[in-house]
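Written below as structure tokens is the structure these notes are about.
Read-outs: derived from the displayed coordinates by stated rules, not from any lab. Please read these numbers as outputs of a predicted model, since none were measured by experiment. Quick reminder, even Gly has a Cβ in these numbers, built from the backbone with ideal geometry, and neighbours come from all protein chains shown.
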């Protein structure tokens, strides 16, 4: 932290992007900055709100050479950016040297990584001498898709603001927060992921080893910073080590736990009609090598071998999955059963018998 | 830290190091305004401070690994003192 431990005295902080670098598309700059803020909001009670006019707490700008703060930039390389500790006026502001080549990948300087660092200063963190920390002063490229704060960064920021409020993610705790045992808890999406089952809810996911009592919770952004929160459907093709994640009309691919480039893609590329705006649940059946997609009271079947939607769909869930629906929240496949989630209820559905064989609580996997 | 190779820094290296240490470690802040010249001792002290911060061999000399770290792209916020 800085000398005197300056902090913001409030938890809702505004930011404004004053201008843009010509090196990147505006929407990529917006996204990099928003994700950089999210890295910090995931581990603190802080909330960041973007404003488009007037003075914000944190003003973000790109500038060349002398830019009015007595700390001129030095041209390409050397100093990449700087930011000021929390306070009025210039306090909290973050400046990026326009002489650098900014990018959303490993070319030049990755804006997301530098922004996470600078915003750390804007929130009151000084430099760390821990090489693993994002607050280490020297630049080093890290994959933004697998980026996460170091324990030093988290300890630092939480010493200033405390941990996140409930339902917010905690970094690598040993067991799930009690919230998972809330009798009214529903999940957004559930899938297997290797030897674990992953339960998505808002910005976090719980993980569970099905055969043991070992569980945990992580924030989505701590593992995949560029993935949005609120994943609505997910399924795994275990043989390919692929997991598909859906939100609204977009989907992402995780392969060997890494987010793949060229995503998100549009769900319409899978063959959905335009009136489908989001997927409620998705499940891959390894016996058929087909994926079922559930949308309101209807479902589609996608042939993973031919990469196209089977003809004759959509069909009504209640007609072909007796005891299920009309609408589901999430579904996953495990040991020849589908597990459908409807609010706080979970239905075990035998794939071979084609019927519901057990009625459980949604949180049943956590021994609640 | 890798073994620091002992070299004779060039005048350019020394000038660059002075600027680096002044910006990031407040080199001139510790020198009275009346004394215009940076003493060898205060320079050595600040090099040591910087080497300690970066986990380098603490020699107080401008060795290759120290200069290498100084030349890396970085954030402009000072490591141990405030912007003035």
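Quick check, is residue B:72 in contact with a strand residue (DSSP E or B) (Cβ under 9 Å, 6 or more places away or on another chain) and either more than 14 Å from chain A (Cβ to nearest Cβ) or in a loop (DSSP other than H, G, I, E, B) (or both)?
Details: in contact with a strand residue (DSSP E or B) (Cβ under 9 Å, 6 or more places away or on another chain): yes; either more than 14 Å from chain A (Cβ to nearest Cβ) or in a loop (DSSP other than H, G, I, E, B) (or both): yes.
Taking the combined requirement at face value, the residue satisfies it.
Search the range A:90-145 for residues being in a helix (DSSP H, G or I) and more than 12 Å from chain B (Cβ to nearest Cβ), and hand back the single one that is farthest from the chain's Cα centre (by Cα). Walk me through how you get there before you give the answer.
Start the filter on the range A:90-145 by keeping residues that are in a helix (DSSP H, G or I), which leaves A:111-123.
Okay, now just the ones that are also more than 12 Å from chain B (Cβ to nearest Cβ), so A:111-112, A:123.
Details: A:111: 18, A:112: 14, A:123: 21 Å.
Applying the filter and picking the extreme gives A:123.
Looking at A:39, A:7 in this structure, which one is in contact with a helix residue (DSSP H, G or I) (Cβ under 6 Å, 6 or more places away or on another chain), assigned to a loop (DSSP other than H, G, I, E, B) and under 30 Å from residue A:217 (Cα atoms)? Step through it out loud before you land on a result.
Working: A:39 fails: assigned to a loop (DSSP other than H, G, I, E, B).
Sole residue among the options that is in contact with a helix residue (DSSP H, G or I) (Cβ under 6 Å, 6 or more places away or on another chain), assigned to a loop (DSSP other than H, G, I, E, B) and under 30 Å from residue A:217 (Cα atoms): A:7.
Every condition in (1) in contact with a helix residue (DSSP H, G or I) (Cβ under 9 Å, 6 or more places away or on another chain); (2) closer than 21 Å to residue A:201 by Cβ; (3) assigned to a strand (DSSP E or B) is met by residue A:338 except one, and the failing one is (1). When the range A:75-89 is filtered for residues that are surrounded by 15 or more Cβ atoms within 10 Å (Cβ to Cβ) and without any contact (Cβ under 8 Å) to a residue 60 or more places away in the chain, the ones remaining, listed by number, are A:77, A:78, A:79, A:80, A:81, A:82, A:83, A:84. Annotation: of all residues in the range A:315-331 being surrounded by fewer than 21 Cβ atoms within 10 Å (Cβ to Cβ) and in contact with a strand residue (DSSP E or B) (Cβ under 7 Å, 6 or more places away or on another chain), the one that is farthest from residue A:361 (Cα to Cα) is A:315.
Among the residues of the range A:266-280, those that are under 20 Å from residue A:308 (Cβ atoms) and either under 16 Å from the mean Cα position of the chain (by Cα) or assigned to a loop (DSSP other than H, G, I, E, B) (or both) comprise A:271, A:272, A:273, A:274, A:275, A:276, A:279.
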